[in-house]
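**Q** Before I ask anything, here is the structure I am working with.
The values are calculated or read from the model by the stated rules, or taken from the named source; none is laboratory data. Quick caveat, the model's predicted, so the values are computed rather than measured. Because the Cβ atoms are built from the backbone with ideal geometry, glycine has one as well, and the counts that use them run over all protein chains shown.
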Amino acid sequence: MPSLNPYLSFKNEAREAMTFYQSVFGGDLDVNTFGEYEGMVQDPAENDLIMHAQLTSPDGFVLMGADTPSGMEYQKPAGISVSVSGDDETSLQGYWDKLADGGTIVMPLDTPPWGGKFGMLTDKFGIDWMISIDPAQD
């Protein structure tokens, strides 16, 4: 079955960011550096940068990320948000609290007109997140 997974680009902070996301969501983090693959970067100083990282959470989230080597143009993420939703209010509130630490709350996690809870923030790595807690079913 195909899957659709966010792939985040960073400039020299993928390791720190992906380790942070592991602290938020839990799970297993697999990391490969450019230095593990001969000829992947032109500057040996970039050998320890992340070529590919994949976080697989216990809830089944898959989040990927990498550093952008100097031979490629880096563009800050814009116009896209990572959305996490569901009905487990305790887990989703925990994700919100951890992602907000050091970040900027754009819209507080609160009750929107459609019920439940919804909020938007930009984390300390510049990644935009939307957290949506489904309304309770009666």
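**Q** For GLY60, only one of the following conditions fails: (1) in contact with a strand residue (DSSP E or B) (Cβ under 9 Å, 6 or more places away or on another chain); (2) without any contact (Cβ under 8 Å) to a residue 24 or more places away in the chain; (3) closer than 25 Å to GLY119 by Cα. What is its number?
**A** Unmet for GLY60, out of (1) in contact with a strand residue (DSSP E or B) (Cβ under 9 Å, 6 or more places away or on another chain); (2) without any contact (Cβ under 8 Å) to a residue 24 or more places away in the chain; (3) closer than 25 Å to GLY119 by Cα: (1).
**Q** Something else about it: Taking GLY39 as the residue in question, decide whether it is loosely packed, with under 15 Cβ neighbours inside 10 Å and either among the aromatic types (Phe, Trp, Tyr) or at pLDDT below 95 (or both).
**A** yes
**Q** Looking at the structure I just gave you, is SER3 more than 17 Å from LYS124 (Cα to Cα), in contact with a Gly (Cβ under 8 Å, 6 or more places away or on another chain) and not aliphatic (A, V, I, L, M)?
**A** So SER3 fails the test.
**Q** Can you name every residue in segment 6-36 that is buried (at least 18 other Cβ atoms within 10 Å of the Cβ), touching a residue at least 60 places away in the same chain (Cβ under 8 Å) and not in a helix (DSSP H, G or I)?
**A** The answer is LEU8, PHE10.
**Q** Assess whether SER85 counts as being modelled with pLDDT of 90 or more and either surrounded by fewer than 16 Cβ atoms within 10 Å (Cβ to Cβ) or outside any helix (DSSP H, G or I) (or both).
**A** Against the criterion (modelled with pLDDT of 90 or more and either surrounded by fewer than 16 Cβ atoms within 10 Å (Cβ to Cβ) or outside any helix (DSSP H, G or I) (or both)), SER85 qualifies.
**Q** Looking at (1) assigned to a strand (DSSP E or B); (2) among the aliphatic types (A, V, I, L, M); (3) more than 24 Å from GLN75 (Cα to Cα), find the lone condition where ILE105 falls short.
**A** Failed condition: (3).
**Q** Given the criterion in a loop (DSSP other than H, G, I, E, B), among the hydroxyl-bearing types (Ser, Thr, Tyr) and exposed (fewer than 11 other Cβ atoms within 10 Å of the Cβ), identify the matching residue among SER70, SER3.
**A** After ruling out the rest, the residue left standing is SER3.
**Q** Cβ-Cβ distance below 6 Å, separation of 6 or more or different chains: which pairs start in segment 91-111 with a residue that is within 16 Å of PHE20 (Cα to Cα) and end on one that is surrounded by fewer than 13 Cβ atoms within 10 Å (Cβ to Cβ)?
**A** Partner pairs satisfying both residue conditions: none exist.
**Q** Only one of these is basic (Lys, Arg), modelled with pLDDT of 95 or more, surrounded by 13 or more Cβ atoms within 10 Å (Cβ to Cβ) and within 30 Å of GLU36 (Cα to Cα): LYS98, LYS124. Name it.
**A** Sole residue among the options that is basic (Lys, Arg), modelled with pLDDT of 95 or more, surrounded by 13 or more Cβ atoms within 10 Å (Cβ to Cβ) and within 30 Å of GLU36 (Cα to Cα): LYS124.
**Q** OK, next. Go through ASP48, ASP59 for me and flag whichever is touching a Ser or Thr at 6+ places or on another chain (Cβ under 6 Å), assigned to a loop (DSSP other than H, G, I, E, B) and charged (D, E, K, R).
**A** None of the others qualify; the one that does is ASP48.
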